[in-house]
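The next block holds one structure in the form of structure tokens; read it before the comments.
Since every read-out is calculated from the coordinates, none of them should be taken as a lab result. Since we're looking at a predicted model, the values are computed, not measured. Every residue, glycine as well, gets a Cβ built from its backbone with ideal geometry; the counts of neighbours run over all protein chains shown.
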Amino acid sequence: MSSTISAPVATLQELAHAAGLTLTPVEPGSDFTGAPTDRYIAALTADPSKNQGLELSQAFEQRLGVDPRLVGSISSYFGEAAIRLRNPRPDVHLTVLGLPLSFGRFAWPFHASTSGADTSIVHGEVRLEDGGESVLHAKISASMTRTFAEIVPALEQPFAEGFIYNAVRKTVDQGQIELVKSGNRQPVPVTTRYYSTKQQRFIFNDTTEEQRREFLSAKVFWLSAMLGANMPVWITDPRDAQYLNTTAAELKTAAAQLAREGEVELSGDGEWASATDKLRNEEPKYRNEIASALAFIKPAFNESMRAGQTNM
């Protein structure tokens, strides 16, 4: 039986190449409804060991070749991905609560809800990454309302990955997702409350300068010291800036202050940071933050339900 794997459309390949990425077809796939998709590995041309998955519907790829309005967004996505892939663990994102979570097994693109609701759904998984065995996790079902979907140019990975990951982080921060050893999918509602029509941008968390410094120090501790063999991590990631309702410039300023305090060592024009001995010695603090966060996101009613003390 001959393979149905095909080369990426020319526009997609050109945009990836311009960003310093190489797209390699992996296998044909299908979305939740059975419509055909193409799966790729997007790898740094300079270091193919640094890579991530990319899945696009074939219908979208055909549209990309004739709709120039989509090109700019794809170009930005590839550009950010090419930088993010230089992180030692590009799949890990920190929450405001202090939980380092890896994001994986997301099945793109969105599909219509099968329950009759007027929403679009994408499934995925997050796992706690604290340097030990990755056991605690949550299966995610992110649902986007039709009104919100109208904001997004296409219900595909490059257009939605960033704000979906941030919506998941925000939902964890609110104590509405529990990390467990096994369990069913947990809902992540993605509504217009995360988007300002007046400002035409996403808004997830209002943070102070102090909170941004705390976030970055924890990010560098986990992603550099604990998970990254003390390799530098990107501290001006636009995805984090969106999540913290700030700018890359403000994150860079916060990192500079951490450097003056001896917490981090900066490189790459101040946009990359690795942990110093002072920060690495704060491990008990960050372990306690994880314990406190896990206690916060564990619903109190769960124990009663497990014990059968419920009339539901």
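Computed about its Cα centre, the charge dipole of region 55-103 is approximately 160 debye, with only Lys, Arg, Asp and Glu carrying charge at their Cβ. Note on D67 and A259: the model spin-label points, each 7 Å out from Cα along the C-beta direction, lie 4.2 nm apart. Lysine pairs, Cα distance under 19 Å, 8 or more residues apart or cross-chain: how many in the chain? Close lysine pairs found across the chain: 9.
When mean projected area of the Cα convex hull in nm² is calculated for this entry, the matching label among (i) 27.9; (ii) 18.7; (iii) 20.6 is (ii).
If I stretch the segment between Q211 and E282 completely, what's the gain in nm (0.36 nm per residue apart, minus their alpha carbon distance), one decimal? Gain in length upon complete extension: 23.9 nm. Each residue in H137, H123 was given a count of other beta-carbon atoms within 10 angstrom of its own, and listing them fewest first yields H123, H137.
Counting 0.36 nm for each residue step from A112 to S196 and taking away their Cα separation leaves a gain of 27.8 nm.
Here the Kirkwood formula, the inverse mean of 1/r across different C-alpha pairs, assigns region 1-85 a hydrodynamic radius of 13.2 Å. Sorting M144, M226 from the fewest to the most surrounding beta carbons within 10 angstrom yields M226, M144.
Nothing charged except the Cβ atoms of Lys and Arg (+1) and of Asp and Glu (-1): what's the magnitude of the dipole of the chain about its Cα centre? Round to the nearest 20 debye.
Taking the Cα centre of the chain as origin, the dipole is about 500 debye.
Taking amide H positions as modeled 1.01 Å from N, with prolines and chain starts lacking one, no residue 5 or more places away or on another chain lies under 5 Å from D91. Among W272, W108, the ranking by other beta carbons within 10 Å of each residue's beta carbon, starting with the fewest, stands as W272, W108. Identify the residues of region 85-113 with backbone N under 14 Å of a label point that sits 7 angstrom from the Cα of S141 along the Cα-to-Cβ direction, or state none. Taking a point 7 Å out along Cα→Cβ of S141, the residues of region 85-113 whose backbone N falls under 14 Å are 111-113.
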